[in-house]
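Student: Mind looking over this structure? Questions follow.
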Amino acid sequence: MNTNLAPTYKKLFGENWILWFALSNSYSIIEPEFNLLLESYLKSSSNADFSTMISNDINVLESESISETLFNYLKDCNKLYISPEIDSIVLDTSKRHISKQYDFKGQTIQIYYDTELVLKTVHPALSYYCTETKNEVSATFDIYLKNDDLFLFKDQQLISQVSKHKYHLMQGKFIMQLLCTLHNKDENDWIGTFHGSTITDGNSSILFVGNSGKGKSTLCALLTANGFDLLADDVSPMLSEDNEIYYNPSAISIKQGAFNLLEPLVSNFKDLPIVKFNKTKGNLKYIPCTKPKKDHYPCRSIILVNYKAKSETKLEPISVKTILETIIPDSWLSPNPLHARQFLDWLATLEIYQLTYSDTQSVTNEISKLFKQLNKKV
């Protein structure tokens, strides 16, 4: 058989296998029965050999159908991953309609935006670092919309081009490049940027993920009001050098539905400006948080967040399959084979849960208890 289609890496999680295909930089989760058939198929020298290998359980006609299914599966998993041609697109400086500078403890970043709408993809979360003082610039970014695509340039080099509907991917790339500047790193040094928010207790960290509206940012705001520190909101970057999640200076974005809940807990909440991003997001407020003592912490757990009104607080183990189906679509993961292996090895060390909550005090107690358990196992 064509072993060129075989997965580059595979790792067992419980009963399921996670496969990674280098050609497409894609991850696939399969059940044990399918894995046995796939292994037999890849070991076979021909379709006839495959039929013979599984003939004790399956007749010839069925084996031909299974062989075709396996081939199509592998072909789909190996669709070529194509990086954008970063040298083929030149920066359009005519889009520099809005200029902002941000100071991060002595390092100044210049960002140009083309419209107020594009400004809202990055600026509100960083507005607390905005400065009127004109300093020497460490890096210059351009973000603009053209033909329904968002473009991100750093020092006049194209970094990302994505559909405007996938602005999360651009935000992730921007945060990664911002951290490259602040920490003197290259993009090739990062495993990826996860679409999720990370909280630390000063020893380790927990990554909270979930679909929009499920309450992960609100939960992080509650936890920061109760003694924990925000490491990253919405975009959580992981460095290959130490497999740790790094500090993202962005403020926490809070939807209008959580305003009443957070107002008595967050000082000066009423004074925070309201940002109208789009109809889907609605009105937002951005809560600035105190920087943690360190720039990075090991992440020991991923929690799928599910806010449910009037529910009991429940922290229940779930499968890695559920977590991957949540984080992969909106995360950027490096195509480097070393990073893919590190990502899978890291996943294997984590405790993975779903959290259902509504009560502020009980959910804080539950997360405090989990941090203590995680730290004891180190």
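Student: Whole number in Å², please: accessible area per residue of the range 195-324, 1.4 Å probe, ligands, DNA and RNA not counted. Intermediate results must be reported in sequence, preceding the final value.
Tutor: Numbers: 5610 Å² over 130 residues.
About 43 Å² of surface per residue is accessible.
Student: I'd like the per residue volume of the convex hull spanned by the Cα atoms of the chain, given in cubic angstrom.
Tutor: Numbers: hull volume 62.6 nm³, N = 378.
Dividing the Cα hull volume of the chain by its residue count gives 166 Å³.
Student: I've got another one for you. Amide H of I318 versus every other amide H placed in the peptide plane: which residues, excluding those fewer than 5 positions away on the same chain, fall under 5 Å?
Tutor: Those qualifying (amide H under 5 Å, at least 5 residues apart or on another chain) are I352, Y353, Q354.
Student: Let me ask another. Calculate one ³J(HN,Hα) per residue across the range 46-55 by plugging θ = phi - 60° into the Karplus curve 6.51 cos²θ - 1.76 cosθ + 1.60, and present them in order as whole Hz with x for glycine and proline.
Tutor: Computed from phi, the couplings for the range 46-55 are 7, 5, 5, 5, 5, 4, 5, 4, 10, 5 Hz.
Student: Here is a further query. Given H placed on each backbone N at 1.01 Å, which residues far from F104 in sequence or on other chains put an amide H within less than 5 Å of it?
Tutor: Those lying under 5 Å, H to H, from F104 are I109.
Student: Provide the per-residue ³J(HN,Hα) series for the range 263-269, in order, calculated from phi with Karplus coefficients 6.51, -1.76, 1.60 and θ = phi - 60°, each as a whole number of Hz, with x at glycine and proline positions.
Tutor: Per residue, the Karplus-derived 3J(HN,Hα) values read 3, x, 9, 10, 5, 6, 4 Hz.
Student: Something else: Highest GNM mean-square fluctuation, the chain, Cα pairs closer than 10 Å: which of D148, D234, D189?
Tutor: Greatest mean-square fluctuation among the candidates belongs to D148.
Student: A further question follows. Which percent of the accessible area of the range 87-189 is formed by carbon and sulfur heavy atoms (probe 1.4 angstrom)? Display every interim value, and only then the final one.
Tutor: Details: 2150 of 5060 Å².
After summing per-atom areas, the C and S share lands at 43 percent.
Student: Given springs between every Cα pair under 10 Å in a Gaussian network model of the chain, which of M238, M53, M176 has the largest fluctuation?
Tutor: M53
Student: Let me ask something additional. Report, to the nearest 10°, how far helix 32-43 tilts away from the longest principal axis of the Cα atoms in the chain, using its own Cα long axis and a range of 0 to 90°.
Tutor: So the helix axis and the longest Cα principal axis differ by about 60 degrees.
Student: Among N16, N268, N188, which one shows the biggest mean-square fluctuation in a GNM of the chain, springs joining Cα atoms closer than 10 Å?
Tutor: N268
Student: Can you compute 3J(HN,Hα) from phi for each residue in the range 114-131, using the Karplus curve 6.51 cos²θ - 1.76 cosθ + 1.60 with θ = phi - 60°, rounded to whole Hz and x for Gly and Pro?
Tutor: 8, 9, 5, 5, 5, 3, 6, 6, 10, 4, x, 6, 10, 4, 6, 9, 5, 9
Student: Give the long-range amide H neighbours of A139: residues separated by 5 or more places, or on another chain, with amide H under 5 Å away, using H modelled in the peptide plane at 1.01 Å from N.
Tutor: Residues meeting the amide H criterion: Q110.
The values are calculated or read from the model by the stated rules, or taken from the named source; none is laboratory data. These numbers were taken from a predicted model, which means no experiment stands behind them. When the accessible area is computed, the model is the full protein with side chains, heavy atoms only, and any ligands, DNA or RNA have been set aside. Shrake-Rupley method; radii C 1.70, N 1.55, O 1.52, S 1.80 Å.
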